[in-house]
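No lab work stands behind these numbers, since they all come straight from the coordinates. Values in this document were obtained by computation on a predicted structure and should not be read as measured data. Cβ placement follows ideal geometry from the backbone for every residue including glycine, while neighbour counts extend to all protein chains displayed.
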């Protein structure tokens, strides 16, 4: 697996496909997109040099079909595949098949994916390597009855988690034995649908921990460094929505300790490429291994902002056998970066996905602002795929500057046509708790609710806009209506025009 | 001058008069007048210059049922806030009142909040349910979403077929309020 890569196929869609292709362009590499039927005009397809139709609508019929991806690489002569995140990115089968076909995977070896992909196996490897883990069941739990026995010995509250899981899917918090049966079934069903593997295990639920992760980078020559931590405690439905680097909670001693443990974890599985070791930390700054994501993370831009490194570039360099150009002692970070994920979802309705068509889009810009969006005006956000439409990240010389900048940039974001969480994100970053840095994973729910408090600051302007719009519309339609025929008293002129127009009886 | 009746989110109604003056509009609310220089932009956006000074972007999206002349629902985005209003001209408000008011929304119905697949029902017709109790699980974007009863009552019927794909707004479960049982 070496030799310079010439052309990269990105086996993904949306913002991450674009993000990878941008670096490929900068490195002078050819880019190949793949797409499902609904994604024919998606941004990643338009951006790439070449694009191959996979057919099919759902992920299972398109982006997850290994044979189709390999055929697309062979047809276009792509010598490497970048899997992005999600889809096939942590699938050891895929990694093995690429090896068989002589295609370079821009990612770790299948053995590392296997060791870390199965959460219960990963826990065993980490325990053997002396890495601290959260107390829990030793392996997958057979059934709900066994789960009750196990749970009672571990202690409530408890988390039921998909053994093959990730991304907050197939995960349930249970407070007492009586609720375990239902949660077990729900987690199993979600695990089966998301990962094709319905095994679940139990882990003690830490009360309001912080979720902090460490970025690692390893080459094929035995070098492995960490690129400091990211704070990812602001979550809803167990999914991160605001991330930052560095963490306001981590001091220099904790940073050194976590970094060393993360490198140790990566080395324990012979890791190659960019990966992330996730930890839960309690208020006393104890930290426990949670899982390792053997891929690029959504939130990698905050690390890129503070280190000045392009993680995708280093993924590609390492994949073609290059030696890491730096040692741990060469690395440092500067300033502060915060990222917010913009979702098509309705915070007031429990953060439910809110698919729709983007009619108008204005993305923020200006100093130290980076918008990684995977959509454009006219894009449809379908229920078929993840509802994230963009991740917005900023840099500032210190944390307060970065937060003010993120708020400014969020205010510039205009998405018309569907409901987004932008207003919620602004409320979140402006809370006293977020600004002080004193928060944990209970932030959404404890500190801030999805539903916005009444805010009538702009209500009078909304009234004027609506009334003005109605007036101009009525005026125009009345003029047109008068040219057609005299009105009947029951229906107003503009309504009649609308009916005639749509019925085609003119 | 044409007068519009605006119902705000909290149910309060206000009247706003509008008249054209050159390229501008003059809005009258009580005894206060404002001059509005309004420019339409692509994508339903508009820009408002209020009294030749204050500057705002807004998006006006008419959300009412087109076949109902008395449905003036509209969503207006200003800054990052969406305001749900109801705007009808004065004449139509009088007609609506004469006809006898609006339709009553069915009180105990659970509708799909987004397009998705009906994964499982957690209740059967005839079951007594309490507010907040899960009734049905809908899958969208790989996430399972449990939809709960808004109030206490008895399950009347399950409407969508199990495993079927439903559109946003589809009726899933109807619940009779306790008082009606």
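What the table shows:
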read-out: Long-range tail of P(r) for the range A:264-343 (Cα pairs > 21 Å, %); value: 41 percent
read-out: Helix A:119-128 vs. chain A, principal-axis angle (Cα, 0 to 90°, nearest 10); value: 30 degrees
read-out: Sequence of A:420, B:28 once ranked by neighbouring C-beta atoms within 10 Å, starting from the fewest; value: B:28, A:420
read-out: Where only alpha carbons of the range A:132-201 are counted, the Rg and the Dmax (Å); value: 10.9, 31
read-out: Space enclosed by the convex hull of the alpha-carbon atoms of chain A, per residue, Å³; value: 184 Å³
read-out: Tail fraction, Cα-Cα pairs, the range A:179-252, threshold 15 Å, whole percent; value: 71 percent
read-out: Principal axis dimensions, the range B:125-181 - Cα atoms, whole angstrom, descending; value: 36, 19, 17
read-out: Peptide A:182-195 - average C-beta neighbours from other chains (10 Å radius); value: 2
read-out: Average other protein chain Cβ within 10 Å of Cβ, residues B:78-90; value: 6
read-out: Stokes-Einstein D (µm²/s) once Rh is taken as the Kirkwood radius of the range B:9-167 over alpha-carbon pairs, at 25 °C in 0.890 mPa s; value: 124 µm²/s
read-out: Residue mean of other protein chain beta carbons inside 10 Å, A:379-392; value: 2
read-out: Translational diffusion coefficient (Stokes-Einstein; Kirkwood radius from C-alpha pairs) of the range A:200-339 at 37 °C, 0.692 mPa s, in µm²/s; value: 215 µm²/s
read-out: Cα principal axis extents for the range A:60-204, largest first, Å; value: 56, 36, 20
read-out: Surface/4 estimate of mean projected area, convex hull on alpha-carbon atoms of the range A:361-469, nm²; value: 9.0 nm²
read-out: Rounded to 10°, Cα long-axis angle of helix A:66-76 versus longest principal axis of chain A; value: 80 degrees
read-out: Full-stretch length increase - residue A:192, residue A:67 - with 0.36 nm per residue and alpha-carbon distance subtracted; value: 42.8 nm
read-out: Cα-Cα pairs of the range A:429-477 separated by more than 16 Å (percent); value: 61 percent
read-out: Degrees, to the nearest 10: B:90-99 long Cα axis against longest axis of chain B; value: 40 degrees
read-out: Solvent-free Debye scattering, log10 I(q)/I(0), computed from the Cα coordinates of the range A:150-190 at q = 0.25, 0.27, 0.30, 0.34 Å⁻¹; value: -0.81, -0.90, -1.03, -1.17
read-out: Rg(Cα) / (2.2 N^0.38 Å) computed for the range A:60-115, rounded to two decimals; value: 1.03
read-out: Calculated SAXS-style log₁₀ I(q)/I(0) at q = 0.12, 0.17, 0.21 Å⁻¹ - the range A:272-411, Debye, Cα scatterers; value: -0.67, -1.20, -1.35
read-out: Size of the range A:2-109 as Cα extents on the principal axes (Å, biggest first); value: 35, 30, 23
